[in-house]
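Please read the structure below before turning to the comments.
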Amino acid sequence: MQPANNTQYAIETRNLSIFYGEFEAVTNVNLQIEKQKITAIIGPSGCGKSTLLRAFNRMNDFVPTSHVRGEILLQGTNLYGKEIDPVEVRRRIGMVFQKPNPFPKSIYENIAWGARINGYKGNMDELVEQSLRAAALWDEVKDKLKQSAYALSGGQQQRLCIARTIAIQPEIILMDEPASALDPIATLKIEELMQELKRNYTIIIVTHNMQQAARVSDYTAMMMLHGDTRSGTVIEYDRTDVIFTRPKDKRTEDYVTGRFG
Amino acid sequence: MPSFTYPEKNELERFVAARYRTGWVWQVIFLSALIIAIFSLSALLLNIVDGAFGYVAYEFKKDPLTISEKPLDQLNQQELIALLQANLSRGAYNKLNNEKPMESRSQGELYNLVIERIIQVKTLQTYPLFRSLFEKAAIEAEVSERYPGARLEFRSWLSPTFLTTPQSSKAEFAGVRTAVLGSLWLVGIAIAFALPVGVGAAVYLQEYANKKSFISRVIQTNINNLAGVPSIVYGMLGLAIFVRAWEPFTSGAMFGITDTNGRTILSAGLTMGILVLPLVIINAQEAIKAVPDSLRQAAYGVGATRWQTVWHHVLPNALPGILTGSILAMSRAIGETAPLIVVGASTFITIDPQSPFTKFTALPIQIYQWTSRAQSEFQAIAAAAILVLLGLLLTLNATAILLRNRFQRRW
Ligand SMILES: Nc1ncnc2c1ncn2[C@@H]1O[C@H](COP(=O)(O)OP(=O)(O)O)[C@@H](O)[C@H]1O
Ligand SMILES: [Mg+2]
């Protein structure tokens with residue numbers, strides 16, 4: 001059994017390294033993600049942000065060559081333990097992707113499908129409404145629930161994807177550059193929504209946008225490639241205001257102030 | 001700073017003109033290629049159409065006017081039966097009556113019988129469509145000189161009757177009914193086998209198997225190569241396995257059917273099924289590949305299992321592509337001849353196929369047999385049968401296009 005104080009964090013990694021075949025994409029990450037806070041992962045492209053994020057809900061399993069060393073602990077249980085079912089992990093840790101990817105179905109079905117396959121027994125209409133409200137989308141779509149989700153704008157589609165994730169009641173929501181395909185206004189809506197959501201959920205967001213990280217997150221993890229091995233790791237992890245105002249690492253300072261590279 | 005020299009003024013104009021000239025030459029070459037292609041294809045089609053219609057010179061063994069006062073097609077059932085009784089030998093009449101009682105035959109059937117057995121139309125010469133259209137006088141002259149007393153009539157060998165009458169040893173009375181039904185049965189069996197097996201295999205290869213593994217790559221390469229194996233090889237396989245080894249099953253002996261051997265529709269259909277299987281697999285794989293990964297991620301992201309993802313998202317979205325591919329596979333099957341000859345299509349049958357365990361013939365077989373007959377009237381019905389086959393192919397391909405347009409999704 002793990003000591004009880006492990007559970008003060010939503011999720012925790014211990015000496016986590018992630019490989020694609022021989023290639024070690026992410027090295028030795030130790031992070032403690034706070035509950036009901038927004039944690040941003042920032043860093044230059046190719047440094048392994050998405051790889052790390054996908055490890056949290058075992059989406060990397062779909063890359064046949066990928067494997068991990070070390071542990072990711074959710075409530076004290078190692079997500080990569082032998083007895084763990086990755087399908088169950090993904091239900092508890094939801095994910096919102098870079099490009100909005102609603103199902104080619106109605107708005108209603110987009111939310112109902114995930115709930116149904118996970119054995120939801122309650123009132124479906126209620127769940128759909130609650131989830132859409134939680135994703136600040138209800139007022140815009142309540143009259144067209146039967147219409148195709150593809151008719152929505154990009155920003156609305158992304159909020160629908162968030163609603164779809166909320167509907168399966170995860171503990172943690174992972175977001176991989178959720179606003180990078182959206183215009184500034186839609187981006188702002190998503191950011192506001194995240195502030196709402198953190199009351200109930202722990203959120204981990206990957207972003208390449210410094211201002212966004214500074215605006216929305218409570219904690220920030222700075223990732224960087226190790227020069228020789230081309231392998232990424234977290235070089236600094238702290239409260240966001242610390243990372244952006246008085247970082248300890250010179251590379252972080254260069255990066256957040258735009259002097260990187 | 002390196003110096004970059006480009007052509008100037010006069011030199012430039014010449015240079016640009018030269019580039020246009022080269023472009024123009026290539027354009028003409030491509031256009032000629034297109035014209036050659038169109039020309040050869042039209043020549044093929046015109047040649048077939050040319051054979052399927054045109055003047056026919058024929059004579060009667062007995063003049064219809066001498067055996068009946070009224071025109072034959074105005075006689076009723078009773079009068080036609082009387083006519084048959086009067087003009088046929090007793091034995092011949094009784095034989096026909098035993099095959100199917102005269103009273104139960106329709107007026108049309110009896111009329112055909114009269115034409116076939118009493119009047120005995122004999123085709124002397126057929127003329128192709130274009131000659132018939134443009135050299136009518138020459139044809140008339142030739143007929144009156146070479147076949148005195150013969151009648152000349154413009155005839156479309158392709159007709160509703162042609163579609164609905166079975167095979168006959170006389171070209172004038174032959175139709176493609178048995179062959180068309182045989183072809184439909186064959187394609188039905190082939191697709192009933194190849195679609196589920198092919199789609200299943202494609203789903204496994206795309207969604208489950210590790211595509212980078214050695215075994216997957218070997219299997220994939222083999223499937224691609226199998227799609228190019230000459231069809232006669234599949235025929236040999238069908239003969240060895242379905243006709244011979246599985247005879248108890250394919251002949252229906254297992255199910256209590258005793259009067260056939262292994263050369264049944266079932267054997268041929270399964271052979272065709274194996275023949276198109278690689279095509280179905282490859283097409284289904286392409287359709288599955290075209291379903292974007294983001295959709296799979298969306299499903300997995302809300303906690304779906306692999307099976308739920310495949311069943312609820314991948315397959316429904318790949319379905320139009322899978323269907324289109326299957327229809328194209330059907331077109332391939334409907335035109336194949338060689339494997340059917342090897343498996344043992346019947347040369348002459350007139351009864352509709354009733355079950356998978358009956359002997360069969362198919363359109364391409366029928367065409368092949370008719371084209372190998374010397375008489376010009378058989379060439380004409382072969383041309384008509386080719387038109388029927390082309391019609392079937394066009395229908396299938398049009399369906400494929402319709403399906404594709406109707407269900408195509410944009411992502
Ligand atoms: N599916 C994969 N297979 C092999 N290598 C991958 C795969 N995905 C990412 N990588 C590699 O892992 C490294 C980190 O990529 P990624 O996590 O996408 O970085 P980021 O999200 O920070 O831009 C890169 O070098 C990338 O090429
Ligand atoms: Mg990324």
Given (1) under 23 Å from A:T202 (Cα atoms); (2) more than 14 Å from every other protein chain (Cβ to nearest Cβ); (3) out of contact with any Lys or Arg (no Cβ under 9 Å at 6 or more places or on another chain), number of the condition A:Y120 does not satisfy = (2)
For the subset of the range A:67-101 comprising residues that are part of a strand (DSSP E or B) and within 16 Å of ligand 1 (Cβ to nearest atom), which member is most open to solvent (accessible area, probe 1.4 Å)?
-> A:R69
Counting just the residues of the range B:283-299 that are of a type in the set (A, V, I, L, M) and open to solvent by less than 10 Å² (accessible area, probe 1.4 Å), which one comes out farthest from A:K99 (Cα to Cα)?
-> B:A284
Considering the range A:40-66 alone, what residues qualify as being surrounded by 24 or more Cβ atoms within 10 Å (Cβ to Cβ), more than 8 Å from ligand 1 (Cβ to nearest atom) and part of a loop (DSSP other than H, G, I, E, B)?
-> A:N57
Single match in A:Q130, A:Q158 (criterion: part of a helix (DSSP H, G or I) and touching a Pro at 6+ places or on another chain (Cβ under 6 Å)) | A:Q158
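Results for (1) surrounded by fewer than 17 Cβ atoms within 10 Å (Cβ to Cβ); (2) aromatic (F, W, Y), shown as yes or no for each residue.
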{"position": "B:S326", "(1), (2)": "no, no"}
{"position": "B:A329", "(1), (2)": "no, no"}
{"position": "B:A333", "(1), (2)": "no, no"}
{"position": "B:P353", "(1), (2)": "no, no"}
{"position": "B:F357", "(1), (2)": "no, yes"}
{"position": "B:S372", "(1), (2)": "yes, no"}
{"position": "B:F378", "(1), (2)": "no, yes"}
{"position": "B:A384", "(1), (2)": "no, no"}
{"position": "B:L392", "(1), (2)": "no, no"}
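Collect the residues in the range A:14-39 that are aromatic (F, W, Y), near ligand 1 (Cβ under 7 Å from one of its atoms) and more than 14 Å from chain B (Cβ to nearest Cβ), keeping them in residue-number order.
Restricting attention to the range A:14-39, the residues satisfying the condition of being aromatic (F, W, Y) are A:19-20, A:23.
If we keep only those that are near ligand 1 (Cβ under 7 Å from one of its atoms) too, we end up with A:20, A:23.
Matches in the range A:14-39: A:F23 only.
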Please name all residue pairs, on different chains or six or more residues apart, with Cβ atoms under 6 Å, provided the first residue is in the range B:149-177 and is in contact (Cβ under 8 Å) with a residue 12 or more places away in the chain and the second residue is among the basic types (K, R).
-> B:T164/B:R177; B:T165/B:R177; B:P166/B:R177
How many residues, within the range A:40-63, are within 13 Å of ligand 2 (Cβ to nearest atom) and under 20 Å from A:D238 (Cα atoms)?
-> 10
Tally time: how many residues in the range A:114-136 are under 21 Å from the mean Cα position of the chain (by Cα) and open to solvent by less than 10 Å² (accessible area, probe 1.4 Å)?
-> 5
Quick one: in the range A:189-236, which of the residues that are open to solvent by 60 Å² or more (accessible area, probe 1.4 Å) and within 16 Å of ligand 1 (Cβ to nearest atom) is nearest to the chain's Cα centre (by Cα)?
-> A:H208
Residues of the range B:41-93 being under 26 Å from B:L152 (Cβ atoms) and of a type in the set (D, E, K, R), which ones?
-> B:D50, B:E59, B:K61, B:K62, B:D63, B:E69, B:K70, B:D73
Qualifying positions in the range A:246-261 - at pLDDT 90 or above, closer than 17 Å to A:N209 by Cα and open to solvent by 100 Å² or more (accessible area, probe 1.4 Å) | A:R251
Taking interchain pairs and intrachain pairs at least six residues apart, which have beta carbon atoms under 7 angstrom, with the first residue in the range B:50-75 and at positive phi and the second part of a loop (DSSP other than H, G, I, E, B)?
-> B:G54/B:Y127; B:G54/B:P128
Pick from B:V276, B:V280, B:V291: which is under 26 Å from B:F407 (Cα atoms) and within 14 Å of chain A (Cβ to nearest Cβ)?
-> B:V291
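Of the residues that make up the range A:127-147, is at least one under 27 Å from A:M210 (Cβ atoms), within 16 Å of ligand 2 (Cβ to nearest atom) and touching a Leu at 6+ places or on another chain (Cβ under 8 Å)? Walk me through it before giving the result.
Keep residues of the range A:127-147 that are under 27 Å from A:M210 (Cβ atoms), which gives A:135-136.
After this cut, where a residue has to be within 16 Å of ligand 2 (Cβ to nearest atom) as well, the list is none.
Within the range A:127-147, not a single residue is under 27 Å from A:M210 (Cβ atoms), within 16 Å of ligand 2 (Cβ to nearest atom) and touching a Leu at 6+ places or on another chain (Cβ under 8 Å).
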Could you identify the single residue in B:L31, B:L84 that is modelled with pLDDT under 90 and in a helix (DSSP H, G or I)?
-> B:L84
For the range A:52-96, which residues satisfy the criterion of being in contact (Cβ under 8 Å) with a residue 40 or more places away in the chain, touching a helix residue (DSSP H, G or I) at 6+ places or on another chain (Cβ under 7 Å) and within 13 Å of chain B (Cβ to nearest Cβ)?
-> A:R54, A:N57, A:N60, A:S66, A:I93, A:G94, A:M95, A:V96
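Within the range A:157-173, can one find any residue that is in contact with a strand residue (DSSP E or B) (Cβ under 6 Å, 6 or more places away or on another chain), within 14 Å of chain B (Cβ to nearest Cβ) and farther than 17 Å from A:P102 by Cβ?
Applying the first criterion (in contact with a strand residue (DSSP E or B) (Cβ under 6 Å, 6 or more places away or on another chain)) to the range A:157-173 yields A:161-162, A:165, A:170, A:172-173.
Within this subset, residues satisfying the condition of being within 14 Å of chain B (Cβ to nearest Cβ) are A:161-162, A:165, A:170, A:172-173.
Keeping just the survivors that are farther than 17 Å from A:P102 by Cβ gives A:170, A:172.
Yes, that holds for at least one residue.
The values are calculated or read from the model by the stated rules, or taken from the named source; none is laboratory data. In this text the structure is predicted, and so the values were computed from the model without any measurement. In this analysis, Cβ positions are derived from the backbone assuming ideal geometry, glycine residues included, and neighbour counts consider all displayed protein chains. Ligands, DNA and RNA are excluded from the accessible area calculation, which covers all protein heavy atoms including side chains. Shrake-Rupley method; radii C 1.70, N 1.55, O 1.52, S 1.80 Å.
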